[in-house]
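As structure tokens, the structure follows; a few thoughts come after it.
The values are calculated or read from the model by the stated rules, or taken from the named source; none is laboratory data. This structure is a prediction, so every number in the text was calculated from the model and none was measured. Virtual Cβ from ideal backbone geometry, glycine too; neighbours counted across all protein chains shown. Just so you know, the surface numbers come from the protein's heavy atoms only, side chains and all, with ligands and any DNA or RNA stripped out. Shrake-Rupley method; radii C 1.70, N 1.55, O 1.52, S 1.80 Å.
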Amino acid sequence: MNKVYKVGIVGGGVSGAVTALELDKYGIDNVLFEKESSVVNGPPFCHLHAGGNLYPDISDEQCRILMKQSIEMARLFPQSIDERPTFISIQKSQKYSVEEIQDRLKMLVNYYKSLIEEDSENEILGAPEDYYKTYSKADLVELYKNDYSENPTTPDQWMTNAIKFIDYEQVKTPVTLVQEFGWNLFRLGAQAQLALKKAENSLLKTNTKVQSIKDVRDKQVDHNWEIHTKNEIFKVNYLVNASGFKTGKIDESLHIKSERLIEFKAAYVSKWEPIAGLIPELIFHGERGTPNGMVQLTPYSGDYYQIHGMTKDITLFKDGLIKSRDNEAQPHFNDEINQKLIKGWDSEDVKTRTEKAINSVAKFVPSFKSAKVGGPPLFGAQQIPGKDETLRVGEVSFPYPSYARSEIVKASSALTVANQIIDKIQEEEIVPFISERTNLNPLLASISKNEIDKMAAQLALSRSYPEALSRLVIERD
Ligand SMILES: Cc1cc2nc3c(=O)[nH]c(=O)nc-3n(C[C@H](O)[C@H](O)[C@H](O)COP(=O)(O)OP(=O)(O)OC[C@H]3O[C@@H](n4cnc5c(N)ncnc54)[C@H](O)[C@@H]3O)c2cc1C
């Protein structure tokens with residue numbers, strides 16, 4: 001094949017797909033390789049971390065970055081955002097202080113205001129003064145007396161619905177309701193996949209595994225890299241490694257030394273009896289990895305609920321967090337985890353872990369005890385560059401000229417990474433200077449809700465999940 005692409009991207013997760021679409025927008029031709037049959041098929045995501053309120057241990061700076069990046073991604077993929085708030089509480093036995101969480105929320109309100117001052121379209125989390133609302137125990141007692149709202153719109157209505165189910169004696173007060181929304185991976189994947197199919201400057205190669213890459217930068221040819229798939233060789237000037245937790249494999253094939261952590265995690269799909277009125281996402285903070293680790297209940301459409309429990313027998317796994325060893329860029333999971341990652345889960349394991357997850361929620365939401373297994377777990381391995389396992393904002397590094405390595409920890413960092421890669425490609429004069437840059441993407445914006453509804457349903461079903469998981473709890477126009 002004689003064509004030379006400006007950019008070759010390995011991995012069609014959220015990072016690779018967004019990078020391809022941003023390059024396409026500026027007329028930069030690129031080829032995107034994804035070994036699976038559709039894009040955004042890697043580890044799951046369900047929560048738009050617009051403020052980092054699920055992580056009491058991270059720095060204020062990481063919270064601000066998460067808020068900014070989340071807003072940017074929500075503007076790009078509005079049809080994937082579920083505009084329901086998040087209830088934040090701390091388990092009674094736990095070290096976290098309510099005051100520290102409140103101080104951080106005040107800081108975030110000011111930061112959100114500054115983002116809106118920069119660009120009024122950034123106001124996607126509602127008015128800054130409504131970003132969060134705090135409720136004392138006395139407030140909860142009062143709200144409990146109100147009726148349910150089938151479709152809550154005000155914070156008090158959301159909190160009333162929640163508090164009808166939550167045993168608030170199990171958590172510290174005050175508690176908070178914050179405008180961190182849900183994030184639907186099937187809908188984001190559908191919008192990206194449909195846009196990539198229409199993109200004039202981006203060639204999407206699904207079902208195509210990159211087997212090796214040859215560095216030909218010193219060979220006096222008209223390209224820098226040769227990307228080998230089973231049947232073809234693609235010539236490219238710039239290489240983007242966006243292969244998720246397999247990033248180290250490509251580093252190794254290029255003889256680059258690098259360090260990273262990778263962590264295998266799972267969230268469980270349950271079905272609960274129909275309840276009166278929608279509830280927010282529920283967070284019960286606790287120390288990660290201990291028996292009282294954070295419990296997270298995420299509502300989906302059709303009475304489905306996703307559960308994370310940050311303990312070793314629910315979301316986390318023994319030997320689930322591993323790091324690169326001497327001279328090896330790619331960490332290796334043990335056989336048990338590889339079995340789950342590659343071949344899938346055995347049904348007994350699905351049942352046992354989902355039931356443990358249900359019981360962990362029932363400690364705080366007693367009637368949730370009646371929930372049942374609702375489908376296979378959503379699972380995957382997440383990459384964390386370097387050695388700091390608490391890092392929640394990983395981005396991109398440029399170990400060689402003409403080579404970018406994307407290692408996002410949260411899906412929200414994908415657009416930032418795409419922009420950093422485009423900056424570098426210009427700096428290296430692979431493409432001429434682009435005078436007008438914008439975060440808007442007309443091609444993505446042209447994909448209709450109807451198209452997204454259909455494709456998202458197909459993606460959920462083709463991956464063996466209930467179709468309802470592809471819909472939003474709060475439908476958008
Ligand atoms: C249980 C769990 C819950 C999470 N929840 C959230 C959340 O609520 N919010 C949030 O923002 N983030 C969340 N994350 C993190 C989020 O899933 C990741 O940040 C994000 O998916 C990473 O995207 P990526 O594109 O970098 O990598 P990936 O999604 O892993 O994409 C890499 C792609 O590369 C492909 N690939 C790999 N090697 C090759 C090859 N040789 N040839 C071709 N293709 C290849 C893979 O098939 C894959 O599709 C969660 C992660 C887990 C594990």
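List of remarks:
- Of the accessible area of the stretch 143-299, computed with a 1.4 Å probe over protein heavy atoms only, carbon and sulfur atoms account for 44 percent.
- Of all lysines in the structure, the ones whose alpha carbon falls short of 25 Å from that of K172, not counting any fewer than 8 places away in one chain, are K92, K95, K106, K133, K137, K145, K164, K312, K356, K363, K369.
- Centre-to-centre, using Cα atoms only, the stretch 401-452 and the stretch 231-303 are separated by 21 Å.
- Relative to the 2.2 N^0.38 Å rule of thumb, the chain has a C-alpha radius of gyration ratio of 0.97.
- Per-residue extension of 0.36 nm, minus the Cα-Cα distance of A138 and K257, leaves a gain of 37.1 nm for this segment.
- On the stretch 329-477, 51 percent of the accessible area sits on carbon and sulfur atoms, based on a 1.4 Å probe.
- Accessible area in square angstrom per residue, the chain, 1.4 angstrom probe: 42
- DSSP-defined beta bridges in the chain - what % are antiparallel, rounded to 5: 70
- Debye log10 I(q)/I(0) for the stretch 391-477, one point scatterer per Cα, at q = 0.15, 0.19, 0.21, 0.24 Å⁻¹: -0.84, -1.00, -1.05, -1.13
- The Stokes-Einstein estimate for the stretch 238-317, based on a Kirkwood radius over Cα pairs and taken at 37 °C with 0.692 mPa s viscosity, is a diffusion coefficient of 212 µm²/s.
- Computed from the C-beta positions of E117 and E389 and an R0 of 41 Å, the FRET efficiency is 0.70 to the nearest 0.05.
- Heavy atoms of K323 accessible to a 1.4 Å probe, total area in Å² rounded to 10: 140
- Computed with every protein chain present, the accessible area of W183 is close to 10 Å² [probe 1.4 Å].
- For the stretch 1-96, the carbon plus sulfur part of the accessible surface works out to 46%, probe radius 1.4 Å.
- Computed over every Cα-Cα pair of the stretch 1-159 and binned at 5 Å starting from 0, the pair-distance distribution P(r) comes out as 1, 7, 13, 15, 16, 14, 12, 8, 6, 4, 2, 1, 0, 0, 0 percent.
- List L341, L461, ordered by accessible area with a 1.4 Å probe, largest first: L461, L341
- Inter-label distance, nm, simple model (7 Å from Cα along the C-beta direction), T206/S97: 5.1
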